[in-house]
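As structure tokens, the structure follows; a few thoughts come after it.
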Amino acid sequence: MSNRWPLASIFLILTNLLAFAMAQSSCFNNGNYTNNSTYKSNLDTLLSSLSTNVDFNGFYNASMGKNLDTVYASVLCRGDVQLPTCRGCIQEATADIVRSCPNDKRAVQFNEFCTLRYSNESMFGIVETRRGWYLYNTQNASSPGQFMADVRTLVDNLRDQAAKGGSLRKVAAGNRSTVDFQTVFSLVQCTPDLSSEDCGSCLIGAIADIPRACNNKRGCRILRPSCILRYEDTTFYNETRLQELQALAATPPPQPPTSASLPPGKKDNNKTRTTIIIVVSIGVCLIVAVFAGMLLIMRTKKKPKEILECGIDSAESLQYDFCEIKSATDDFSDDNKLGQGGFGAVYKGRLSNGQEIAVKRLSMDSGQGDVEFKNEVLLVAKLQHRNLVRFLGFSIEGKERLLVYEFVKNASLDKFLFDPIKRTELDWERRYKIIGGIARGLLYLHEESRLKIIHRDLKASNILLDGEMNAKIADFGLARLCAADETQGNTNRIVGTYGYMSPEYAMHGQFSIKSDVFSFGVLILEIATGQRNNSFRNGETIEDLLSAAWKYWHRGTVEDMIDPVLRASSGSLRDILRCIHIGLLCVQDNLADRPTMASVVLMLSSFTISLPVPLEPTIFTNSRISKNVLFPAYDSREFGSTTSSISQNKSPHSTESNNVMSITEFYPR
């Protein structure tokens, strides 16, 4: 007998090994269940039903149970796989997730052809990006600069196509010719329960991960619970299958048979039946229309009343006519669009009296829109400080929610700080002025206003600069109001921007005024170095800013990390080093070790006060991650978690090697 295996058999074995190597689990620290609990019973029943209920669209979600025992689950198969492959993948993922995350109330499993999620909180229609994996080809592309530029062009085009998909499928794939006679192939996909805007937002975050996760690599996968992105220098998806699904989606549904096609004996009966159905349908529609109209009128009238009842002083004077704002922004034209945030777009406008305004138009299909609207109206209307963006009013029209602010001429800090040209306009005098302005604005929020407010999303893009380069804190959609004697709070839903989040908030949902102090410390380090917190470049290496700052501090070479623009100017080296020192004090792990904003303002204004020695920030220190050699061309890492030792299942023939890498910010809102 021949010892040679057929080529097809070898290919099948390699495919199975590859799929095994790509299986990754992320277990959330969201509470545990016991093996004999109702939650466990509901979870087992729900997981066992997923593979049989998914259809050719490759997506299915369901829930089971009541109150605290409710389990929510969903599955998404890669858009190019056939239904049998999809169902087989879900069965494997079900076994993998139970084995990898025993007793966890929330988890996500990424397999080669499908993603499975379950939670004790509703997740349908909600973007989830906090946990996921990077997997990248260890080989660099030839001519990496042009290759990565072509990758970016391709995935940007596919992102738009996927986001515009319907409620059944949001997937797009394609290819693009690149350097050295190569072709790059890519597939992007979102869960179809997301809105077009949320799908686009999730994929924008995934695309933003490429430079720090797998820059210059020949292949990359970014796996997020709500969306996935993959590119390769070889084809990997089933183009025929995607074309079949696209054609099926474009095919109109079959029309019911006409009376001419029916047998003669049934025409009269069917005609009578049709007449009855039409009459009843018209009657029902009329009744529904009347009730819907009444409900709409009541709701439209109720919204401003609700705002008034929630305690806004002189709310009527704050309310703008919707048509006036629509006219001021030229019907929200793209020419007047200033930017796009997680909750909606911002437009520049000019009122009839000549006053320039900035209008935040909250997304109508975002479940968070009303929450943010009410939050900003209730909080910001009561705040008056030169270092806070001034709130002018609001407008409500049907589902439209508008927030009106003063127009701030120079946009946001990140537009200057991280731009190679504009950053030269920020000498140390201006940067020090910006740091002081942010500090005074936070001090006002924490201690000096009649309300006690925790911002929760302090970052460079939420610091606006006016014509005199004065800093103004903006975007209070995630802010929390605290009682006068309240020091901290808890939340089950972590919102904000990774990289700026304090460890206690990112890991446990505990927020306080010291959470804002941590974010402020990150901002100081970014302002002094001119580099983003997640991608500090040190020669040929890229690491997170906090780890780098500590290393330079520990070695006594902090001046080497200062922005070259500042080193070339006449700025005081002593002042810059002192600010970096203050920044390190603000980002200490233990919130009790961080100063209050009152202390920070005092440190910034008085150079006679001696500063304590900071401790090492460990939230971004390196972790050891195991690599499965079944797929040696790829390496992987989990994001959205704190440092940990992550192990994967191994075959008897595999070996383990340790790979040191950083876990970094992955989704700016």
| task | Using only the alpha carbons, work out the radius of gyration and Dmax of the range 507-573 in angstrom. | result | 13.5, 44
| S41 to D160: FRET efficiency via 1/(1 + (r/R0)^6), r the Cβ-Cβ distance, R0 35 Å, to the nearest 0.05? | 0.20
| Whole-number D in µm² s⁻¹ for the range 413-465, Kirkwood Cα-pair radius fed into Stokes-Einstein, 25 °C, 0.890 mPa s | 200
| request: May I ask which of K170/K374; K170/K409; K164/K399 have a Cα-Cα span longer than 27 Å here? | output: K170/K374; K170/K409
| query | Over all distinct alpha-carbon pairs, what is the Kirkwood Rh of the range 413-605 in angstrom? | reply | 16.8
| For S177, S395, what's the fewest-to-most ordering of other Cβ within 10 Å of each Cβ? | S177, S395
| remark: Output ordering of 63-72, 214-223 (per-residue mean of other Cβ within 10 Å, highest first) is 214-223, 63-72
| note | If unit charges are put on Cβ atoms (+1 for Lys and Arg, -1 for Asp and Glu) and the dipole of the range 409-455 is taken about its Cα centre, the option from G436, S449, F418 lying farthest towards the positive end turns out to be S449
| said: Taking the number of other C-beta atoms within 10 Å as the exposure measure, put H554, H446 in order starting with the fewest. | reply: H554, H446
| task | Would you mind pulling out the separation of the Cα centroids of the range 420-455 and the range 69-121, in Å? | result | 44
| field | Extension gain from A208 to E324, taking 0.36 nm per residue of separation minus the Cα-Cα distance | value | 38.1 nm
| Loop-resident sites, the range 100-200, for chymotrypsin sites (Phe, Trp or Tyr not before Pro), counting at most 16 other Cβ within 10 Å (DSSP) | F124, F181
| task | Going by C-beta contacts inside 10 Å, put R456, R537, R212, R241 in order with the fewest on the left. | result | R537, R241, R212, R456
| message | So, R0 is 60 Å and r is the distance between the beta-carbons of F418 and E244; what FRET efficiency does that work out to, to 0.05? | response | 0.85
| remark: Once amide hydrogens are built 1.01 Å from N within the peptide plane, the residues lying 5 or more places from G219 or on another chain with amide H under 5 Å from its amide H are N137
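All of the numbers you see were taken from the coordinates with simple rules; none came from a lab. All of these numbers come straight from a predicted model, not from anything done at the bench. Here the Cβ is made from the backbone with ideal geometry for all residues, glycine too, and neighbour counts use every protein chain on show.
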